[in-house]
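Since the structure comes first, as structure tokens, the remarks are kept for the end.
The values are calculated or read from the model by the stated rules, or taken from the named source; none is laboratory data. These numbers come from a predicted model, not from an experiment. When we count neighbours, we look across all protein chains shown, and the Cβ atoms used for this are built from the backbone with ideal geometry, even at glycine.
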């Protein structure tokens, strides 16, 4: 009986997820053009660029601190080269292609009615204010979380260094059988 209840629950969850993904009756799916219009109203290209710039600054600061802590002998010139690499990577980010990749995702999750409602909201004064404030909100949120993220990054780097420094003579599990001794 317990097994049947579990099977029924799994089927019910799958059916619910399937119906939740479908637009309501009479509601047509959003077209590519509908979503592109929403992106224009949201000024999403500029928003993404500003968020990427903020992320770049945050990542650069984290990389600087990590390099200085882990490798104090690292020269300013090498850190500058790392900055150049980050900057070039971000500048060459194919924003238009990324936005094109997002269109089918929006189409799966939002109906035409949803996209139209979002377009109306983001065209409103409140929506425009939200879009105007979003880069500052993102920057401030990243600054507020910087110490926590740096602590996590330091812990991760310590664990990674421990793995790298482990004695290769210590067994990490069953010894590997050399390929010459393996049975075919």
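For the reader, a short list of remarks on this structure follows.
- In region 32-53 there is no residue matching the filter, namely being at pLDDT below 85, at negative phi and not in a helix (DSSP H, G or I).
- Filter result for residue 120 (in a helix (DSSP H, G or I), under 24 Å from residue 33 (Cβ atoms), modelled with pLDDT of 80 or more and within 17 Å of the chain's Cα centre (by Cα)): no
- Region 90-108, residues that are assigned to a helix (DSSP H, G or I) and surrounded by 12 or more Cβ atoms within 10 Å (Cβ to Cβ): 90, 95, 98, 99, 100, 102, 103, 106, 107
- Residue match in region 67-89 (condition: part of a helix (DSSP H, G or I) and closer than 30 Å to residue 116 by Cβ): no
- Matching option when the condition is in contact (Cβ under 8 Å) with a residue 12 or more places away in the chain, out of contact with any helix residue (DSSP H, G or I) (no Cβ under 6 Å at 6 or more places or on another chain) and surrounded by 16 or more Cβ atoms within 10 Å (Cβ to Cβ), among 87, 111, 60, 119: 111
- Scan of region 69-84 for residues that are free of Cβ contacts under 8 Å to residues at least 24 places away in the same chain and surrounded by 12 or more Cβ atoms within 10 Å (Cβ to Cβ), ordered by number: 74, 78, 79, 82, 83
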